[in-house]
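The values are calculated or read from the model by the stated rules, or taken from the named source; none is laboratory data. All values derive from a computational prediction rather than experimental measurement. Here the Cβ positions follow ideal geometry from the backbone for every residue, glycine too, while neighbour counts run over all protein chains shown. We work out accessible area using only protein heavy atoms, side chains counted, and drop any ligands, DNA or RNA first. Shrake-Rupley method; radii C 1.70, N 1.55, O 1.52, S 1.80 Å.
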Amino acid sequence: MDTTPLRDAHHALLEAAATVAGAGTADRPPSDGEWDAGQILAHVSLIDAATVAAVVSAASGAVTTYDNRVAQDAWTLGRVGALAGGEAGLRERVRLQGEALCALVAPLSEAELDTPVPTLLLSHGQVLVDRPMPLRDLVTGLAEAELPGHTKQLLALLP
């Protein structure tokens with residue numbers, strides 16, 4: 001699998017996060033119902049971790065599922081941010097997870113990428129997906145929609 005789009009999406013997200021941090025607006029309160037920069041980065045870290053787990057499970061032949069609910073829990077986001085050491089730590093964690101994900105996905109066979117993964121994806125309390133999806137679709141969705149969406153969300157924090 002060509003991991004260039006995934007690598008590029010992580011890079012763009014991290015550049016946006018660094019821009020927000022450099023502008024001194026990282027702690028600026030977001031619009032109602034939105035996340036601040038730390039929460040966005042913690043969410044991405046949790047999504048990356050879940051994707052890594054799904055990829056490793058598929059590659060090992062184990063049964064896996066993909067559920068993004070924990071990556072939306074406010075307490076969990078705060079805990080992940082604290083454990084990572086704040087936004088700088090979260091940026092480094094996301095960078096390393098992105099590299100790991102690319103390294104793990106690149107050598108997968110077509111059969112592994114086609115592994116159906118029972119998936120539950122929610123956004124703002126609404127179910128987006130509740131069905132098995134091929135592993136490749138989880139990875140391409142991360143590169144084409146999830147990460148670019150959070151990149152825009154970060155940039156919206158700028159004055």
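When each of V55, V44 is tested for being open to solvent by less than 60 Å² (accessible area, probe 1.4 Å), under 13 Å from the mean Cα position of the chain (by Cα), modelled with pLDDT of 95 or more and closer than 30 Å to P116 by Cβ, the lone residue that passes is V44. Of all residues in region 104-145, those that are assigned to a helix (DSSP H, G or I), free of Cβ contacts under 8 Å to residues at least 12 places away in the same chain and open to solvent by 40 Å² or more (accessible area, probe 1.4 Å) total 4. The set of residues in region 68-102 being of a type in the set (G, A, S), at negative phi and either open to solvent by 70 Å² or more (accessible area, probe 1.4 Å) or touching a residue at least 24 places away in the same chain (Cβ under 8 Å) (or both) consists of A71, A74, G78, G81, A82, A84, A88, G98, A100.
When the test is whether a residue is small (G, A, S) and farther than 26 Å from T4 by Cβ, G61 passes it.
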